[in-house]
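Following: one structure in structure tokens, then a few remarks.
The values are calculated or read from the model by the stated rules, or taken from the named source; none is laboratory data. Since the model is a prediction, treat every value here as computed from it, not as a measurement. When we count neighbours, we look across all protein chains shown, and the Cβ atoms used for this are built from the backbone with ideal geometry, even at glycine.
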Amino acid sequence: MVQVGEAIVSFDMLKEPFCCDLSCCKGVCCIEGDAGAPVTIDEVAAIENLLPEIEQHLSPEAKDVISKQGVAYTDASGDLVTNIVNGKDCVFTCYGSDGCCYCAIERAFREGRTSFMKPLSCHLYPIRISKVGSYKALNYNRWDICKAAVIKGKREDIPVYKFLKEPLIRCFGEEWYNELETVVEELKKQNYI
């Protein structure tokens, strides 16, 4: 682990290869798992406000869950997460004609219908953030459904932190990301990564 500003960053995040390969995984991270995506109270409010922009892309089952239970719930670990359908699918999952799962929130963003892209936890995946004292700890979360992303990352020589440049800047700012790159170069010179 190395400290960069207000964050403690795992070495795995700096050296392990990763680059999503949607053609292989089909976006299965949106439909697998035992809970929805972690969200903040502010993100829940933003999502509730944009429901009219995304409801046409949601399944009837997802609309039913949202109308009865809302967009999020507190899971067994005490974390606020997006609601799920049938015990696994995120309520915001929609499907493309290519058979891939997409996020209805991100779809509305890409179509220019909202300024909210998607929950930060989704944008940052496979990084998960936890609290360690007053710091945010950034860890690489390995999941077997992302094997194709590891293979593509290795082939294209893209470590996790480079693949996630945009969401890391969204979370911490461009100055922080530039500092991260400086730290990585120094760690390489010292043969730590």
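Mind checking which residues of the stretch 68-106 are of a type in the set (A, V, I, L, M) and either modelled with pLDDT of 90 or more or touching a strand residue (DSSP E or B) at 6+ places or on another chain (Cβ under 9 Å) (or both)?
Step one: filter the stretch 68-106 for residues of a type in the set (A, V, I, L, M), giving 71-72, 76, 80-81, 84-85, 91, 104-105.
Of everything in the stretch 68-106, those that are of a type in the set (A, V, I, L, M) and either modelled with pLDDT of 90 or more or touching a strand residue (DSSP E or B) at 6+ places or on another chain (Cβ under 9 Å) (or both) turn out to be 71, 72, 80, 81, 84, 85, 91, 104, 105.
On the given criteria, is residue 65 at pLDDT 90 or above and either closer than 27 Å to residue 11 by Cα or in contact with a helix residue (DSSP H, G or I) (Cβ under 7 Å, 6 or more places away or on another chain) (or both)?
no
Go through (1) assigned to a helix (DSSP H, G or I); (2) farther than 30 Å from residue 54 by Cα for residue 167 and report which single condition fails.
(2)
If I filter the stretch 123-141 down to residues being in contact with a helix residue (DSSP H, G or I) (Cβ under 8 Å, 6 or more places away or on another chain) and farther than 15 Å from residue 21 by Cβ, which single residue comes out as surrounded by the most Cβ atoms within 10 Å (Cβ to Cβ)?
138
For the stretch 170-190, check the following and say yes or no: at least one residue is surrounded by 15 or more Cβ atoms within 10 Å (Cβ to Cβ), over 12 Å from the mean Cα position of the chain (by Cα) and in a strand (DSSP E or B).
Scanning the stretch 170-190 turns up no residue that is surrounded by 15 or more Cβ atoms within 10 Å (Cβ to Cβ), over 12 Å from the mean Cα position of the chain (by Cα) and in a strand (DSSP E or B).
Listed here are the residues, each with its yes/no results for (1) of a type in the set (Phe, Trp, Tyr); (2) in a helix (DSSP H, G or I); (3) within 14 Å of residue 143 (Cα to Cα); (4) touching a Lys or Arg at 6+ places or on another chain (Cβ under 9 Å).
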residue: 3; (1), (2), (3), (4): no, no, no, no
residue: 20; (1), (2), (3), (4): no, no, yes, yes
residue: 24; (1), (2), (3), (4): no, yes, no, yes
residue: 29; (1), (2), (3), (4): no, yes, yes, no
residue: 36; (1), (2), (3), (4): no, no, no, no
residue: 42; (1), (2), (3), (4): no, yes, no, no
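In the set 177, 135, 140, 192, which member is aromatic (Phe, Trp, Tyr) and over 23 Å from residue 119 (Cα atoms)?
Checking each option against the conditions leaves just 192.
Scan the stretch 138-157 residue by residue and report those that are assigned to a loop (DSSP other than H, G, I, E, B) and out of contact with any Lys or Arg (no Cβ under 8 Å at 6 or more places or on another chain).
Selection gives 142, 143, 157.
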